[in-house]
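Here the structure is laid out as structure tokens; the discussion comes afterwards.
Bear in mind these aren't lab numbers, they're just calculated from the coordinates by the rules spelled out. From a predicted model like this one, the values you see are computed outputs, not experimental measurements. For neighbour counting, all protein chains shown are included, and Cβ atoms are generated from backbone atoms with ideal geometry for every residue, glycine included.
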Amino acid sequence: MNDADFKFFTTFLKERSGIALEASKQYLIDTRMAPILKEKKIADLAALVVALKGGDKVLCEMVVEAMTTNETSFFRDVSPFDAFRNEILPRVIERKERERKIQIWSAASSSGQEPYSLAILMREHFPQLAGWGVNILATDLSKEMVQKTTNGEYSQLEVNRGLPAPLLAKYFHRKGVRWQVNDDVRKLLTCRTLNLLENWVGIPTADVVFIRNVLIYFEPDVKKAILGKIRKVLRPGGYLFLGGAESTLNLDSHYKRLDIARSGCFQLEEA
Amino acid sequence: MKAITVDDSKTIRAIVKRTLKGLGFEVEEAEDGLVALEKIKQAWPIDLAVVDWNMPNMNGIELVREIRRRPEWSGMRVMMATTESEISQMQLALEAGADEYLMKPFDREALEQKLVLLGLVV
């Protein structure tokens with residue numbers, strides 16, 4: 001890809017998704033565009049850039065989706081889920097004792113492993129929530145990922161990753177060669193598309209928000225804007241989980257990091 | 001840390017061995033359950049056994065049961081690594097005393113993540 005095409009591509013991607021692609025990540029364009037070139041019978045990246053400039057809407061969406069979708073796994077990074085189970089959820093349950101409703105938001109849910117890990121964890125370790133209104137909102141920029149999350153179907157390779165075998169045996173069933181999350185867990189999720197850079201409509205007030213390994217892709221002003229918008233949907237005193245290398249430091253002073261080992265957990269100040 | 005890979009396929013043993021060695025394990029090999037019992041005795045203490053299901057002489061489930069029959073080996077984590085992928089088989093292995101279950105084919109990352117679940121890798 002020549003310099004002019006690379007510049008167009010990065011500007012295009014930044015406008016559509018907010019993601020700033022560094023020059024060192026050019027290989028990502030090669031690897032992630034290859035399937036699209038093949039499917040759409042486009043000769044090379046130069047021809048792809050020409051097609052994007054022509055404004056092909058479907059192609060533009062495909063490119064943004066391919067560039068923004070990340071590898072993930074069930075219970076990824078372990079520590080945030082330990083913190084959620086041992087510290088955060090017990091506090092939320094205590095606080096919501098009267099209301100008996102808990103709203104969680106997985107704000108960049110990719111193919112759904114994070115929201116399903118949370119749902120399984122709640123089913124497995126918090127039987128007292130059986131009569132509660134528990135909902136996990138799973139949103140992602142990609143329609144394809146949201147559809148996948150809605151279906152709750154995973155390949156063997158995907159369920160092999162990070163999911164303890166006893167939980168796989170208990171909360172999934174075989175569907176041909178694939179594995180599907182059981183209905184009683186799937187019904188805890190509400191799945192929809194959401195572009196974090198656009199206006200957020202219909203996002204319910206949440207007790208806990210997971211937005212891990214997302215902010216690292218954005219420029220500081222975009223990070224600030226997103227953290228500010230999360231404040232509006234997170235209830236006062238609510239909890240925010242960021243990725244291990246992410247922080248609210250110098251971006252938003254309303255969140256305070258909690259001292260829970262490697263959890264990336266922050267608490268929003270009380271009103 | 002020491003591990004043993006128990007599989008009648010030399011190729012699978014090599015793959016598991018390479019991954020585990022890369023993580024700092026010392027790795028023993030056995031081609032069936034009977035050989036594995038002997039090797040575990042000789043090389044004890046062993047932290048992890050990665051065990052195939054279908055093997056001649058003594059299969060993986062029988063091996064897991066034999067291991068769990070010996071209280072002195074209770075500290076060893078046992079993970080099945082097999083092409084068997086029915087839920088009933090997984091449950092059988094867990095009931096026999098396996099701590100984890102990895103379905104073949106698997107990649108290096110999947111194996112590593114299982115070791116994290118077993119508390120052997122941080």
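Looking at the range B:24-122, which GluC sites (Glu not before Pro) are DSSP coil and have at most 14 other C-beta atoms within 10 Å of their C-beta?
B:GLU86
Taking a virtual spin label 7 Å from the Cα of A:LEU59 along the C-beta vector, which residues in the range A:28-42 bring their backbone nitrogen under 16 Å of it?
Once the point is set 7 Å along Cα→Cβ of A:LEU59, A:33-42 turn out to lie under 16 Å by backbone N, inside the range A:28-42.
Rounded to the nearest 20 Debye, what is the dipole magnitude of the range B:7-75 about its Cα centre when Lys and Arg each give +1 and Asp and Glu each give -1 at the C-beta?
160 debye
Amide H of B:VAL121: which non-local residues (sequence gap of 5 or more, or other chain) have their own amide H closer than 5 Å, using H built in the peptide plane?
Sorted by chain and number, the residues that satisfy this are B:VAL116.
Could you give the alpha-carbon Rg of the range B:20-122 over 2.2 N^0.38 Å, rounded to two decimals?
After normalising by residue count via 2.2 N^0.38 Å, the value is 1.00.
Among A:LEU28, A:LEU59, A:LEU194, A:LEU242, rank each residue by its count of other Cβ atoms within 10 Å, from fewest to most, as a rough exposure measure.
A:LEU28, A:LEU59, A:LEU194, A:LEU242
Give, rounded to the nearest 20 debye, the magnitude of the charge dipole that the protein assembly as shown has about its Cα centre when Lys and Arg contribute +1 at Cβ and Asp and Glu contribute -1 at Cβ.
Here the size comes out at about 860 debye.
What residues qualify as long-range amide H neighbours of B:VAL78, i.e. H under 5 Å apart, gap of 5 or more or another chain, H built at 1.01 Å from N?
Result for B:VAL78 returns B:ALA49, B:ASP99, B:GLU100.
Springs between alpha-carbon atoms under 10 Å, Gaussian network over chain B: tell me which of B:ALA49, B:ALA81, B:ALA110 tops the mean-square fluctuations.
B:ALA110
Could you work out how much longer the chain between A:LYS7 and A:ALA130 gets when fully extended? Use 0.36 nm per residue separation minus the Cα distance between them, nm to one decimal.
Once the chain is fully extended between A:LYS7 and A:ALA130, it gains 39.0 nm.
Under the Karplus relation 6.51 cos²θ - 1.76 cosθ + 1.60, θ = phi - 60°, what is the ordered set of whole-Hz ³J(HN,Hα) values for the range A:15-25, x standing for Gly and Pro?
In residue order, the calculated couplings are 5, 7, 10, x, 7, 9, 8, 7, 4, 5, 9 Hz.
Quick one: putting +1 on the C-beta of Lys and Arg, -1 on the C-beta of Asp and Glu, what dipole do you get for the range B:2-117 around its Cα centre, in Debye to the nearest 20?
That gives a dipole near 300 debye.
Specify the longest stretch of chain A that does not include any exposed loop site, a site being one of the GluC sites (Glu not before Pro) with a non-H, G, I, E, B DSSP assignment and at most 12 other Cβ atoms within 10 Å.
A:100-197
If each residue of separation counts as 0.36 nm, what is the full-extension length gain between A:ARG98 and A:ALA43 once their alpha-carbon separation is subtracted?
13.7 nm
Given points 7 Å out from each Cα along the Cα-Cβ axis, report the A:ARG257 to A:LYS170 separation in nanometres with one decimal.
3.4 nm
What number, in percent, do you get for the relative contact order of chain A if the mean sequence gap of Cα pairs under 8 Å and at least 6 apart is divided by its residue count?
18 percent
Along the charge dipole of the range B:1-118, pointing to its positive end and built from +1/-1 on Cβ of Lys, Arg, Asp and Glu, which listed residue (B:ILE15, B:ALA81, B:ILE61) has its Cα farthest out?
Highest projection toward the positive end goes to B:ILE15.
Can you list residues whose amide H is under 5 Å from A:GLY238's amide H, if they're 5+ apart or on another chain and H is modeled 1.01 Å from N?
The list, which skips near neighbours in sequence, is A:LEU268.
Can you work out the FRET efficiency for the pair A:GLU219 and A:ASN182, with r the C-beta to C-beta distance and R0 = 35 Å, to the nearest 0.05?
The pair A:GLU219/A:ASN182 has a calculated efficiency of 0.30.
Per residue of A:36-47, count partner chain C-beta atoms within 10 Å of its C-beta, then hand back the mean as an integer.
0
Please list, in order along the range A:90-104, the HN-Hα scalar couplings obtained from phi with the Karplus expression 6.51 cos²θ - 1.76 cosθ + 1.60 (θ = phi - 60°), rounded to whole Hz, x for Gly and Pro.
Here the 3J(HN,Hα) series is x, 5, 5, 4, 4, 5, 9, 3, 7, 6, 6, 9, 10, 10, 10 Hz.
Relative to the longest principal axis of the C-alpha atoms of chain A, give the angle of the C-alpha long axis of helix A:113-125, reported between 0 and 90° and rounded to the nearest 10°.
Approximately 10 degrees, to the nearest 10.
Rank the residues A:VAL201, A:VAL50 as a footprinting-exposure proxy: fewest other Cβ atoms within 10 Å of their Cβ go first.
A:VAL201, A:VAL50
Can you list the HN-Hα couplings for the range B:106-115, worked out from phi with the Karplus curve (6.51, -1.76, 1.60; θ = phi - 60°), rounded to whole Hz and with x for Gly and Pro?
10, 9, 4, 5, 4, 4, 5, 5, 5, 5
Restricting to Cα pairs below 8 Å that are 6+ residues apart, what does the relative contact order work out to for the range A:3-68? Please round to a whole percent.
36 percent
If you take each beta carbon of peptide A:173-180 and count the beta carbons of other chains within 10 angstrom, what is the mean?
The per-residue average across the peptide is 1.
Enter the mean number of other protein chain beta carbons within 10 Å of the beta carbon of each residue in B:77-87, as an integer.
Going residue by residue through B:77-87 and averaging, the value is 2.
Label A:GLU198 and B:LEU34 with points 7 Å out from Cα along Cα→Cβ: what is the distance between them in nm?
Distance between label points: 6.7 nm.
Take A:ALA245 and B:ALA43, extend 7 Å from each Cα along the Cα→Cβ direction, and tell me the distance between the two endpoints in nm.
3.5 nm
Determine the calculated [θ] at 222 nm for the protein assembly as shown from helices alone, applying -39500 (n - 2.57) to every DSSP H run no shorter than 4 residues and normalising by the residue count; nearest 500 deg cm²/dmol.
Calculated mean residue ellipticity at 222 nm is -12500 deg cm²/dmol.
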